[in-house]
Amino acid sequence: MAKAGGAGAGVRRPLVSGNWKMHHDHLQSIRAVQDLGLRLGAADVASLDVSVHPTFTSLRSVQTVIEDRAIPVALGAQHCHHDDQGAFTGEVAPPMLARLGVSLVIVGHSERRQFFGQTDEVVALTVRAVLRHAMTPILCVGETEEEREDGETEARLTAQTTAAVKGLSPEQVAGLVIAYEPIWAIGTGRTATAEDAQWACAHIRGVVGEVAGAEGAGAVRIQYGGSVRPENAAELIGQPDVDGALVGGASLEAATFAAIVQAAASVVLTGR
Ligand code: PGA
């Protein structure tokens, strides 16, 4: 295992992100973010960041609600192409997202890798494209169930992290968000144990340190994702190398997502 870098947990501001996937049309998205705005108070976001990642057709509507009502959440996207424009039917370019006020883009989610053929090479290009437009990539890495059973988790995380991070400047690496998402835990109700999540996030941080230097490794935020719920959020985010959560199913209902944010906020306040 690469060396752990728990030091610095106090200075990394956790990020709790809601990935709405292919749910919520724009009217449902408006209602969801309005509801979230009613539930999140200033104290909830004093010590951490929150983002929501609606589908492309909802981005403009959600942006308007967030701005009009000064809701303390960042607007995120779930994917983009790595070119700035071109003949790529059906794709969305990074500058289009930046113009909409998007500040975070999920890159290389396992569903994109698995169902849409996204390779490590494309993921690396997309990370660079998102950075080029002054947005923050949330780079997803994680092992399949089979890889886990075969004892390949460490190698998989090392390969995916290295492929995406290699060649970035120390400043770029420091500004990244990485999400450790074991594929067997996504949408299954099977959450990694807090010890497993800590181990994997510490390993990823160690890999970042080896590839890009200690400064970037100490600063990069590493989320855990995979069946995060209000009941397990505090224990997961309480781990020294786990700097937040990427939440799928439990982010669709504002009440549930707000409860996750509040659980995270309480653990950050009491010290990780
Ligand atoms: P889940 O999804 O919370 O529904 O398991 C997590 C994700 O895919 O980001």
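For the stretch 213-231, which residues satisfy the criterion of being within 11 Å of the ligand (Cβ to nearest atom) and under 18 Å from Asp44 (Cβ atoms)? Before the answer, list the steps.
Filtering the stretch 213-231 down to residues within 11 Å of the ligand (Cβ to nearest atom) leaves 223-229.
Gln223, Val228, Arg229, listed by residue number.
For the stretch 180-195, enumerate the residues that are within 11 Å of the ligand (Cβ to nearest atom), without any contact (Cβ under 8 Å) to a residue 60 or more places away in the chain and of a type in the set (D, E, K, R).
If the condition is that a residue be within 11 Å of the ligand (Cβ to nearest atom), without any contact (Cβ under 8 Å) to a residue 60 or more places away in the chain and of a type in the set (D, E, K, R), then Arg190 is the only one that fits.
What pairs can you find where one residue is in the stretch 128-154 and touching a residue at least 40 places away in the same chain (Cβ under 8 Å) and under 20 Å from Gln118 (Cα atoms), the other is surrounded by 16 or more Cβ atoms within 10 Å (Cβ to Cβ) and aromatic (Phe, Trp, Tyr), and their Cβ atoms are less than 7 Å apart, with a gap of 6+ or different chains?
Between residues of the stretch 128-154 that are touching a residue at least 40 places away in the same chain (Cβ under 8 Å) and under 20 Å from Gln118 (Cα atoms) and residues that are surrounded by 16 or more Cβ atoms within 10 Å (Cβ to Cβ) and aromatic (Phe, Trp, Tyr), the close pairs are Val141/Tyr180; Gly142/Tyr180; Thr144/Trp184.
Any idea how many residues of the stretch 87-103 are open to solvent by 10 Å² or more (accessible area, probe 1.4 Å) and either among the hydroxyl-bearing types (Ser, Thr, Tyr) or under 23 Å from Gly167 (Cβ atoms) (or both)?
Final tally of qualifying residues: 4.
Touching a residue at least 60 places away in the same chain (Cβ under 8 Å), open to solvent by less than 20 Å² (accessible area, probe 1.4 Å) and of a type outside the set (D, E, K, R): is that true of Ala264 in this structure? Walk me through it before giving the result.
Details: touching a residue at least 60 places away in the same chain (Cβ under 8 Å): yes; open to solvent by less than 20 Å² (accessible area, probe 1.4 Å): yes; of a type outside the set (D, E, K, R): yes.
Criteria met by Ala264.
Collect the residues in the stretch 204-226 that are under 26 Å from Gly18 (Cβ atoms) and touching a Lys or Arg at 6+ places or on another chain (Cβ under 9 Å), keeping them in residue-number order.
Result: Arg205, Ala219, Val220, Arg221, Ile222, Gly226.
Take Ala255 and decide whether it is buried (at least 24 other Cβ atoms within 10 Å of the Cβ), more than 14 Å from the ligand (Cβ to nearest atom) and more than 14 Å from the chain's Cα centre (by Cα).
Taking the combined requirement at face value, the residue does not satisfy it.
Just for the stretch 79-111: of the residues that are hydroxyl-bearing (Ser, Thr, Tyr) and under 19 Å from Gly18 (Cα atoms), which one is nearest to the ligand (Cβ to nearest atom)?
Applying the first criterion (hydroxyl-bearing (Ser, Thr, Tyr)) to the stretch 79-111 yields 89, 103, 110.
Of the ones still in play, those that are also under 19 Å from Gly18 (Cα atoms) are 103, 110.
Working: Ser103: 18, Ser110: 7 Å.
Checking each candidate, the answer is Ser110.
For the stretch 81-91, indicate whether the set of residues that are aromatic (Phe, Trp, Tyr) and under 30 Å from Arg205 (Cβ atoms) is non-empty. Step through it out loud before you land on a result.
Residues of the stretch 81-91 aromatic (Phe, Trp, Tyr): 88.
Cutting the leftovers down to under 30 Å from Arg205 (Cβ atoms) gives us none.
Checked the stretch 81-91: no residue is aromatic (Phe, Trp, Tyr) and under 30 Å from Arg205 (Cβ atoms).
Being within 16 Å of the ligand (Cβ to nearest atom) and surrounded by fewer than 24 Cβ atoms within 10 Å (Cβ to Cβ) is the filter; apply it to the stretch 235-252 and report the residue that is farthest from the chain's Cα centre (by Cα). So that I can check it myself, show each step before the final result.
Going through the stretch 235-252, the residues within 16 Å of the ligand (Cβ to nearest atom) turn out to be 235-237, 242-252.
Add one more test, that the residue is surrounded by fewer than 24 Cβ atoms within 10 Å (Cβ to Cβ), and what stays is 235, 248-250, 252.
Numbers: Glu235: 18, Gly248: 10, Gly249: 14, Ala250: 14, Leu252: 16 Å.
This residue is Glu235.
Before we move on, is Ile204 on the phi < 0 side of the Ramachandran plot and within 15 Å of the ligand (Cβ to nearest atom)?
Values: on the phi < 0 side of the Ramachandran plot: yes; within 15 Å of the ligand (Cβ to nearest atom): no.
So Ile204 fails the test.
Give the stretch 119-136 a look and list any residue that's closer than 19 Å to Ile183 by Cα and crowded, with 21+ Cβ neighbours inside 10 Å, or say none.
Val123
Being under 30 Å from Ala214 (Cβ atoms) and either touching a helix residue (DSSP H, G or I) at 6+ places or on another chain (Cβ under 8 Å) or of a type in the set (S, T, N, Q) (or both) narrows it down to one of Ser61, Ser51, Ser29, so name that one.
Values: Ser61 fails: under 30 Å from Ala214 (Cβ atoms); Ser29 fails: under 30 Å from Ala214 (Cβ atoms).
Matching residue, one of Ser61, Ser51, Ser29: Ser51.
The values are calculated or read from the model by the stated rules, or taken from the named source; none is laboratory data. Just so we're clear, the structure is a prediction, and the values are computed from it rather than from any experiment. Neighbour counts are summed over all protein chains in view; Cβ atoms, including those assigned to glycine, are modelled from backbone coordinates with ideal geometry. Calculation scope for accessible area: heavy atoms of the full protein, side chains included, ligands and nucleic acids excluded. Shrake-Rupley method; radii C 1.70, N 1.55, O 1.52, S 1.80 Å.
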